[in-house]
Structure formats: structure tokens, C-alpha cells
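The values are calculated or read from the model by the stated rules, or taken from the named source; none is laboratory data. Worth saying up front: this structure is predicted, and the values here are computed from it rather than measured. Here the Cβ positions follow ideal geometry from the backbone for every residue, glycine too, while neighbour counts run over all protein chains shown. Please note that ligands, DNA and RNA were not included when accessible areas were found on the heavy atoms of the full protein model with its side chains. Shrake-Rupley method; radii C 1.70, N 1.55, O 1.52, S 1.80 Å.
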Amino acid sequence: MNSKKNQKTQKIQGSRIKRSTGEKIFDGVNVIFLAIFSFTTFYPFWYVLIRSLNTGRDALKGGIWFLPREFTWENYTFAFNDARIFRSLGVSVFITVALIVLSLFFTCMVAYAMSIKYFPGRSLFAFYWYFTTMFGGGMIPYFLLLRTLGLNKSIWLYIIPEIYSFSKFIMIRTYFQNIPYELRESAEMDGAGHLKTMMKIYMPLAKPMLATQGLMIGVSQWNSWYTGVYYQAKAELQPAASVLKMMMTEATASLAEAEAKGDVIRLGKMVTYTSESIQYAFVMILTIPIIIAYPFVQKYFVKGMLVGSVKG
């Protein structure tokens with residue numbers, strides 16, 4: 001029996017269709033194109049990394065493309081010697097996680113309600129929310145509003161104004177509308193309320209969309225420095241991006257002043273970093289946490305896609 005199976009296997013393998021020369025050339029061109037594309041997307045990150053690990057004064061000579069020429073941790077030491085970094089990283093983690101959870105939950109509530117066919121006035125509400133996105137009061141009125149609400153001295157400054165987004169609402173509502181309406185009706189027949197139906201049926205089925213939106217919210221909030229610099233009155237509540245922005249500005253100004261005076265010695269040691277090398281280090285400090293977190297989000301996203309395809 002085994003010998004017959006082996007013979008059949010050999011026949012099947014031998015009868016495989018041979019690929020033509022044109023197909024092999026096409027595959028080769030695709031591989032080369034994808035390799036070049038992968039390199040062009042990865043190299044900017046690699047370039048910033050090696051520049052952050054190279055002495056700033058040596059980097060001014062140019063010619064650093066693939067590996068650091070004069071390796072140093074001085075750029076990162078300069079950043080982490082400031083106690084504000086660790087405190088601000090904690091603030092960034094809290095507001096990023098809180099914003100992702102609250103924004104997705106409340107946006108899903110609105111999207112779920114607006115996806116109900118018999119919801120009265122849903123077109124009017126959708127138009128009203130869209131219409132208000134076309135206007136803005138400007139920086140000063142916005143600051144006065146935040147101060148009146150007391151948000152300019154609160155960590156909720158970064159969360160409450162960003163909880164709801166019309167664009168995210170539209171995408172999640174569209175996804176909810178594509179879920180079979182019979183699932184909602186069957187849940188209602190079983191005695192489930194709207195909140196339970198949303199939590200147990202709609203949100204699990206919308207995992208790919210929620211994972212994508214959560215990633216967009218997290219990256220945007222993590223890299224946002226504008227709000228902390230211009231609207232936050234308490235220094236201890238500023239996120240990492242805002243603190244690094246201010247530190248970068250301070251470092252640039254102090255280095256320019258020192259170089260103008262001819263003073264490039266700090267703590268008895270020749271200073272080899274420059275404002276540009278410190279900027280590269282700051283970029284990496286903000287980027288690495290996202291790179292660490294992204295594979296977990298990507299895994300969750302792919303899993304949600306597979307679950308959705310199997311159920312479909």
C-alpha cells in the first residue's frame with residue numbers, strides 16, 4: 001500500500017506544470033521590485049538609527065550611510081539625563097491607552113446607534129456632525145474654552161477633546177451597517193439590550209476595523225506635541241513628545257550659544273553631540289515604543305481578518 005502511495009506521489013510531482021521562461025522572468029522582476037521597495041521603506045528608519053548612534057560632530061563630515069563611524073551613546077545619555085523624560089513617558093502611556101479605549105468605545109456607541117435602520121433623525125444627526133467639522137474657532141478661542149473648562153491643568157486635556165472623531169465614526173458606522181441586521185434582531189429576541197448587542201456581537205465582528213482605528217489613534221496621540229506645549233499649564237502633565245520637543249529646542253539654543261562662545265567642553269569632557277544628532281536620538285526615543293507595540297496590534301489585526309473571513 002505504501003509503495004503504491006509513493007508511486008502516485010511521484011507521478012503527481014512529476015506531472016507538475018513546468019513554468020515557462022516568461023513566468024520565471026516575471027517572478028524575478030517581482031522579487032527585485034519588492035526587495036527595492038522594502039529597502040526604500042526600511043532605510044530611512046535605519047539611517048536615523050545610525051545617525052543617533054554616531055557622534056554629532058563626526059556626522060557633520062557626511063559619508064555615514066550604513067553603520068556608525070564613531071559609535072556613541074552620548075546623544076541618548078543627554079536625553080535620559082533629564083528626569084522629565086521618564087515622567088513624560090508615563091504620561092504618554094496613560095493618555096494613549098485611555099484615549100484608545102474611550103474613543104473606540106464611545107465612537108462605537110454612536111456608530112451602533114446610527115446604524116439602526118429605524119433610528120429617528122439619523123440622517124439629520126449625521127449631517128449636523130459633518131457640518132460642524134467644517135468650522136473651527138481658532139487657537140485663542142480654543143485655549144479660552146479649555147481654560148474655562150479647567151482642562152488646561154488636567155491630564156484630561158489630551159483625552160476629552162479627542163474622544164470623538166467624525167471620520168472614525170463614518171468608518172465604524174459603515175462597517176456596522178455591513179453586519180447582517182438579522183444578528184441584531186436575533187439578539188433582541190433573546191432579550192439582549194443594545195449595549196450587550198454592541199459589546200458581544202458588533203464589536204467582536206469589527207475587530208479588523210477597531211484594531212486599525214486603535215492603531216491610528218495611538219500613533220497620532222503618541223506623536224502629538226502641540227497640545228502639551230501650547231495648552232498644558234502644568235509641566236508635570238506634559239507628554240513625552242512635548243517634553244522632547246522643548247528639550248530639543250533648549251539643546252539647540254544652548255549648543256548654538258556654546259559654539260558661538262567657543263565653549264564645547266561640558267563636565268570636563270569634549271562635547272561631541274550636536275543639535276542634529278540629538279534630534280535623531282529624540283526621534284528614535286519616540287519611535288521605538290511604537291515599533292515594539294505594532295507587532296502585537298498587527299497580529300491582532302490579522303487574526304480579526306481571518307475570523308471575519310471564516311465567519312463570512
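As an exercise: evaluate L157 against (1) open to solvent by less than 60 Å² (accessible area, probe 1.4 Å); (2) more than 23 Å from V91 (Cβ to Cβ) and give the number of the one condition it does not meet.
Here L157 clears every test but (2).
With (1) modelled with pLDDT under 85; (2) closer than 30 Å to F42 by Cα as the list, and L255 as the residue in question, which single condition is left unmet?
(2)
When segment 77-100 is examined, which residues are found to be of a type in the set (S, T, Y) and either at pLDDT 85 or above or assigned to a loop (DSSP other than H, G, I, E, B) (or both)?
Scanning segment 77-100 gives S88, S92, T96.
Taking into account only those residues within segment 163-205 that are over 22 Å from M216 (Cα atoms) and small (G, A, S), which is least open to solvent (accessible area, probe 1.4 Å)?
So, considering only residues that are over 22 Å from M216 (Cα atoms) and small (G, A, S), the one least open to solvent (accessible area, probe 1.4 Å) is A187.
Quick one: G63 ticks every box in (1) under 24 Å from E162 (Cα atoms); (2) assigned to a loop (DSSP other than H, G, I, E, B) except a single one, so which number is it?
The failed condition is (1).
Show the residue pairs meeting these rules: Cβ distance below 6 Å; 6+ apart or different chains; first residue within segment 159-174 and more than 14 Å from T212 (Cβ to Cβ); second residue part of a helix (DSSP H, G or I) and of a type in the set (F, W, Y).
Filtered contacts from segment 159-174: I163/F106; F166/W129.
Give me the residue from segment 222-234 that is open to solvent by less than 60 Å² (accessible area, probe 1.4 Å) and over 8 Å from the mean Cα position of the chain (by Cα) and, out of that set, nearest to P141 (Cα to Cα).
Step one: of segment 222-234, the residues open to solvent by less than 60 Å² (accessible area, probe 1.4 Å) are 222, 224, 227-229, 231-232.
From the residues that got through so far, the ones that are over 8 Å from the mean Cα position of the chain (by Cα) too are 224, 227-229, 231-232.
On the way: S224: 20, T227: 14, G228: 17, V229: 17, Y231: 12, Q232: 15 Å.
So the residue we want is Y231.
If you go through segment 289-312, how many residues are open to solvent by less than 70 Å² (accessible area, probe 1.4 Å) and either β-branched (V, I, T) or modelled with pLDDT of 80 or more (or both)?
5
Suppose we filter segment 101-132 for residues that are outside any helix (DSSP H, G or I) and open to solvent by less than 80 Å² (accessible area, probe 1.4 Å); how many remain?
Initially, segment 101-132 is screened for residues outside any helix (DSSP H, G or I), giving 115-121.
Within this subset, residues satisfying the condition of being open to solvent by less than 80 Å² (accessible area, probe 1.4 Å) are 115-116, 119, 121.
Summing the residues that are outside any helix (DSSP H, G or I) and open to solvent by less than 80 Å² (accessible area, probe 1.4 Å) in segment 101-132 gives 4.
Any residue in segment 104-112 that is of a type in the set (V, I, T) and in contact (Cβ under 8 Å) with a residue 40 or more places away in the chain? Even if it seems obvious, please write down each step before you answer.
Restricting attention to segment 104-112, the residues satisfying the condition of being of a type in the set (V, I, T) are 107, 110.
From what is left, the residues that are in contact (Cβ under 8 Å) with a residue 40 or more places away in the chain are 107, 110.
Yes, that holds for at least one residue.
I need the full set of residues from segment 56-73 which are open to solvent by less than 30 Å² (accessible area, probe 1.4 Å) and within 14 Å of Q279 (Cβ to Cβ), in order please.
Selection gives G56, A59.
Suppose we filter segment 198-221 for residues that are without any contact (Cβ under 8 Å) to a residue 60 or more places away in the chain and over 22 Å from the mean Cα position of the chain (by Cα); how many remain?
3
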